[in-house]
Every structure is written in C-alpha cells, then in structure tokens.
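Throughout, read-outs are computed from the coordinates displayed, never taken from laboratory work. Only a predicted model underlies this, so the values are computations on that prediction, with no experimental measurement involved. Note: ideal-geometry Cβ built from the backbone for every residue, glycine included; neighbour counts use all protein chains shown.
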Amino acid sequence: ARRNVLITGCSSGIGLALAVKLAKDEQKRFKVYATMRNLAKKQPLEEAAGHSLGKTLEIKQLDVCDEQSIKTCVNSIPDRRIDVLVSNAGMGLIGPIECQTIEEMKTVMDTNFFGLVRLLKEILPDMKRRKSGHIVIISSVMGIQGILFNDVYAASKFAVEGFCESLAIQLTFFFFFNRLSLIEPGPVVTEFERKVFEDGMKMDLSAADEETAEMFTNIYLKNYKQIFQSLGQSAEDVAEIILAENPPFRHQTNTLYTPMTTLKYADPNGDLPIDIFYKMVFQHDKIFSASLNFIKLLRWRSRKSFDLGKPSQ
Ligand code: NAD
C-alpha cells in the first residue's frame, strides 16, 4: 500500500524538493500531502510537481504556528493516516541579540520548536495507536553546535534535538525500534539563506556597540555568501538523502561540514570547538596550528578508542 507522507513548509527549498521527489517515485510508493502556510505561494510546487499533482501529490494549507490549521489538515486526510511526517518548516535569524526583539526571537522558537511540538501532539497519538509511523525532522548542524551570530536559531534547533532525544526513547517502546530521525543539513542554498542574508543586511545595528556591529557586517555578513557558495548543498541533494531507507537517529547530510561538528565529539569539555571557531573567524593565520592540534587530539583520542561519532555518508 502507498505510504501517506505529510511534509510541512513545501512552498520552497527542501520541503518542495522532497515533496516532488517522493511524488515522482517510479514505484509510486508514496502519497504526498505537501503543506504550506500560504497557499498563494503554491505555484512553484505545482509547476515542479507536473503530472503528479492531484495524483501522488496534494497541496494543503498548514501553518505550524496554528493548532487549528494542523488539526484541519490532518482531519482532511483519509482516516487521518499519516505514515511519515516530515517536519521541515523553519526560519532563521542572524545578528547581535541586542538588535533583535524578544518577539522576533519568540517567533523563531514558535516556528522551529513549538511548530514540531504542535505537529506531534496532533499526529503522534494516531501513530502510537497503530504502532507504526516514521517521523523525520529537518534539524541542522546548528542543532549540534552553535556558530557566530546564530544564537537564537541554534537555540531553537538545540531545543528540537533535546526534545527528540527524549521522545525517541518512548517511541522505541511503541514502534519496537527507533522511528524518529533528525536530518542535520549544513548550509543549503535555498530561500532560507537568501531571506536570512537580506534581513541581516537590513538590520538596524544602532543598539549594538561599534565592535559588535563591525564584527557582524564586516566579518559575518561579508563571508556569508562565500560559505554557502563553497559548502552549500542543493535542496535536491538533501531531499535525496532524506529518502534513504531507515536513516539513523542523527544524519548529517553535508560531509564538508562534518569535521566541524566532529570537534564537539572530540572534546567533551567543549573548549576545542569554541577555540577553533574563534580562530577561524578572528585569527585566520592561527587556524593552521589549531588544525594540527585538532589532528593530534583526534589521534590521541582514537588511541583511547574514543567514539568520534558516526561519520556521515
Ligand atoms: P526555505 O525558507 O526555502 O523553507 C522553509 C519553509 O518553511 C518555507 O517554505 C516557509 O514558508 C516555511 N514556513 C516558515 N514558517 C512556517 C509556518 N509557520 N508554517 C508553515 N510553514 C512555514 O528554507 P529551507 O532551507 O528549505 O528550510 C527547510 C528546513 O531546513 C528548515 O527547518 C531549516 O531550519 C532547515 N535547514 C536549512 C538550512 C539552510 O542552510 N538552508 C540548513 C540547515 C537546516
């Protein structure tokens, strides 16, 4: 039988790419409920879906910040049966915290963290009753490790990761093995990256001191595009990885980024990643010696059979 897949945030980026990929599956294994907050933005998805529209792909309204919209959407699906939930909708926020309002920060938490909680409160009871289901969550490498000027975004993804780590234990009881997967992309070239950069460029920095404002504009924003150009994956690449059968609990999609996240597992004290990130940003010349120290530490750890975490594929 076809598996019903509900995906959030399908008007662009990873959600759109994944919805189309699943809907065009040659073996027609999936019925995709591609949801978005604002149906006025459905045209790119309709165009990309082509002939699968109305057959293996249906577009529905769903705002992850609105419980009623989630309920209405789930109720409209035959028998409310969702075999796979892909929690993808999300938003970014960059800049010095002095220049962000608490309201802006709450919107990020409300979308990225409580958005997931709302979905699960509506969908998980049915999955538990049926003792089947798969939950895929688009987290981020920033759910493992924070980076400069992404404080609140990283906090929202850390919240997602802690929540899922706890929940996965309970779900293993219901599903007999873990059916919850965190997908952790590094930089992906999507609307997300464009919006976040544009908002950063427009940001009123008057509340920040001169050094912080300078650091944000002349170091962070200046290198932003280049980081996405050199390390960025496409939404289609990420969608391909999400499709893999039985993904592990954590799955980093970007091998170019893995050395950064490995720093966290290499040093349980947590000083190493902070030191390396600091040197990368502020002392380019020292990064070579820092890298050597890192390699030495890795060798020392591997001699002690320290688990550096699963390599990503
Ligand atoms: P994107 O901006 O193209 O897609 C995000 C989608 O979420 C948009 O379609 C947006 O309209 C939707 N959305 C926002 N608020 C919503 C709400 N309240 N209800 C429903 N939909 C809402 O960006 P993307 O890169 O495809 O992002 C998808 C996911 O991937 C996000 O969770 C993001 O945090 C994560 N991610 C992105 C990157 C990156 O570099 N682009 C890296 C790691 C993780």
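Neighbour counts of C-beta atoms inside 10 Å place His251, His51 in the sequence His51, His251, starting with the fewest.
Within straight-line reach of Lys202, meaning a Cα separation under 18 Å, sit the following lysines at least 8 residues removed in sequence or on another chain: Lys222, Lys225.
Under 5 Å from the amide H of Gln233 lie the amide H atoms of Val188, Val189, each residue being 5 or more positions distant or on a separate chain, with H modelled from the backbone and absent for Pro and chain starts. With the Cα gyration tensor of the stretch 40-186 giving a ≥ b ≥ c as the square roots of its eigenvalues, does the rule (a/c under 1.5 for rounded; else a/b larger than b/c for prolate; else oblate) give rounded, prolate or oblate? Cα axes put the stretch 40-186 in the oblate bin. Hydrodynamic estimate: the Kirkwood radius of the chain over Cα pairs, inserted into Stokes-Einstein at 20 °C and 1.002 mPa s, corresponds to D of 103 µm²/s. For Lys264, the aspartates and glutamates whose Cα comes closer than 19 Å to its Cα, not counting residues fewer than 8 places off in the same chain, are Asp151, Glu161, Glu165, Glu184, Asp275, Asp307. Measuring against 26 Å, Cα to Cα, the residue pairs Lys41/Lys106; Lys28/Lys195; Lys24/Lys131; Lys31/Lys121; Lys31/Lys157 contain Lys28/Lys195; Lys24/Lys131; Lys31/Lys157 as the ones spanning a longer distance. Per residue, the chain reaches -14500 deg cm²/dmol at 222 nm when only DSSP H runs of four or more residues are counted, each adding -39500 (n - 2.57).
With a/c under 1.5 counting as rounded, go ahead and sort the stretch 30-111 into rounded, prolate or oblate using the C-alpha gyration tensor (a ≥ b ≥ c being the square roots of the eigenvalues; past the cut-off, prolate if a/b is larger than b/c, else oblate). In terms of gyration-tensor shape, prolate. Put simply, when 68-76, 40-48 are sorted by average Cβ atoms within 10 angstrom per residue, most first, you get 68-76, 40-48. Dipole of the chain computed with +1 at Lys/Arg Cβ and -1 at Asp/Glu Cβ about the Cα centre; of Met215, Ala1, Gln226, farthest Cα towards the positive end is Ala1. Estimated at 0.36 nm per residue, the fully extended path between Ala207 and Lys121 surpasses their Cα-Cα distance by 27.1 nm. Dipole size of the chain about its Cα centre, with +1 on Lys/Arg Cβ and -1 on Asp/Glu Cβ: approximately 1640 debye, rounded to the nearest 20.
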